[in-house]
Amino acid sequence: MSQTARPTSPHLGIYRWRVNMWQSVLHRLTGLFLCVGSLLVAWGLIAAASGAEAWSMFAAFCASGIGVTLLIAWTWSLLFHLCNGIQHLFRDTGMGYDAAQRDHSRTPSYFATGWMVIAVSVALTALVWIGLFLRANGGAA
Amino acid sequence: MSAIGDDTLRTPLKNVRGLGSAQSGVRHWWLQRITAVALVPLSMWLLWLCAGLVHADYATVRAAIGQPVHAVLLVALVVSLFWHGALGLQVVIEDYIHTRWQEVVLQILVRFGAFLAAVACIFAIARIALG
């Protein structure tokens, strides 16, 4: 408390942006966005318990342009947070931090798994929504 | 707070030595991981359940929620979800809100909001499943 003039460590500005930094930022942002999404889950459950009119209001919101846009964003946020969270849990055990994993010449490396997390979350989101749109249009799925 | 030599010869180090870690140690970290592990299968299951109920009518939705296995998993989901979310929001508030009274107010609102939302969800699920 009394020693306020200590030198501080440099903040984000001095670092070269790498995929793990994007993962960290996106994990927090998607987490915040998913907290809002959790309220949609609550709204849906409460509406279903309340009656047909309440449910139709909820269903109409979900089917609206804003609703679908938000649902797609929530789907990706969930899948990214999920994939990145799984990577987090593995790294919590100490996996992936040794020198060989951070060696760029090898795959999968520390950074390659990060890109995989992002790619898989985008691919799964596309898969889910293409499937939903195909089914809505009476298609093969 | 006080400079060295105010009224005693005690240094600041003497005052903090032996007090241990700041508050609760790894409890928060550990709970965040436990709820995360629970949410891995539960969130995938929720996505699958919701995808199956797109365009479903009201009666179908109620029947799906009220089915015993679904109702139990939904309760497990909302408990883990709002707990995990509250733990995450707590850290974000700790990181970015540096005015003490604002931080305290937000932390209380997050806790109350998450608890209230979880209770409301459980009540809704129970009403559908048992009603």
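The values are calculated or read from the model by the stated rules, or taken from the named source; none is laboratory data. In this text, all values refer to a predicted model and were calculated from it rather than measured experimentally. Cβ atoms come from the backbone with ideal geometry, glycine included; neighbour counts cover every protein chain shown.
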**OP:** Please indicate, with yes or no, whether at least one residue in region A:103-111 is at pLDDT below 90 and either touching a Gly at 6+ places or on another chain (Cβ under 7 Å) or part of a helix (DSSP H, G or I) (or both).
**Re:** yes
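From the set of residues in region A:3-56 that are of a type in the set (D, E, K, R) and either touching a Lys or Arg at 6+ places or on another chain (Cβ under 9 Å) or in a helix (DSSP H, G or I) (or both), which is farthest from residue B:59 (Cα to Cα)?
At the first step, the residues of region A:3-56 found to be of a type in the set (D, E, K, R) are A:6, A:16, A:18, A:28, A:53.
Checking which are either touching a Lys or Arg at 6+ places or on another chain (Cβ under 9 Å) or in a helix (DSSP H, G or I) (or both) leaves us with A:28, A:53.
Values: A:28: 37, A:53: 12 Å.
So the residue we want is A:28.
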Original post:
What are the residues in region B:37-48 that are crowded, with 17+ Cβ neighbours inside 10 Å and either more than 9 Å from chain A (Cβ to nearest Cβ) or within 11 Å of residue A:132 (Cα to Cα) (or both), if any?
Top reply: B:38, B:42
Original post:
If you check every pair at least six apart or on different chains, which have Cβ atoms under 7 Å apart with a residue in region B:104-130 that is touching a residue at least 40 places away in the same chain (Cβ under 8 Å) first and a residue that is of a type in the set (Phe, Trp, Tyr) second?
Top reply: B:118/B:82
Subject >> Residues (crowded, with 16+ Cβ neighbours inside 10 Å and either touching a helix residue (DSSP H, G or I) at 6+ places or on another chain (Cβ under 6 Å) or within 8 Å of chain A (Cβ to nearest Cβ) (or both)) located in region B:108-131 >> reply: B:110, B:114, B:117, B:118, B:120, B:121, B:122, B:124, B:125, B:127, B:128, B:129
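Quick grid of which residues meet (1) more than 12 Å from chain A (Cβ to nearest Cβ); (2) assigned to a helix (DSSP H, G or I); (3) more than 14 Å from residue B:28 (Cα to Cα):
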residue: B:61; (1), (2), (3): no, yes, yes
residue: B:65; (1), (2), (3): no, yes, yes
residue: B:73; (1), (2), (3): yes, yes, yes
residue: B:76; (1), (2), (3): yes, yes, yes
residue: B:86; (1), (2), (3): no, yes, no
residue: B:98; (1), (2), (3): yes, no, yes
residue: B:101; (1), (2), (3): yes, yes, yes
residue: B:106; (1), (2), (3): yes, yes, yes
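Within 10 Å of another protein chain (Cβ to nearest Cβ), surrounded by 15 or more Cβ atoms within 10 Å (Cβ to Cβ) and either touching a residue at least 60 places away in the same chain (Cβ under 8 Å) or within 22 Å of residue B:54 (Cβ to Cβ) (or both): which single residue out of A:39, A:71 fits that description?
Details: A:39 fails: surrounded by 15 or more Cβ atoms within 10 Å (Cβ to Cβ).
Result: A:71 is the single residue among A:39, A:71 that is within 10 Å of another protein chain (Cβ to nearest Cβ), surrounded by 15 or more Cβ atoms within 10 Å (Cβ to Cβ) and either touching a residue at least 60 places away in the same chain (Cβ under 8 Å) or within 22 Å of residue B:54 (Cβ to Cβ) (or both).
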Subject >> Subset tally (residues that are in contact with a helix residue (DSSP H, G or I) (Cβ under 6 Å, 6 or more places away or on another chain) and among the hydroxyl-bearing types (Ser, Thr, Tyr)) for region A:10-39 >> reply: 2
Subject >> Every residue from region B:51-88 that is surrounded by 18 or more Cβ atoms within 10 Å (Cβ to Cβ), without any contact (Cβ under 8 Å) to a residue 24 or more places away in the chain and either over 16 Å from residue A:49 (Cβ atoms) or of a type in the set (Gly, Ala, Ser) (or both) >> reply: B:64
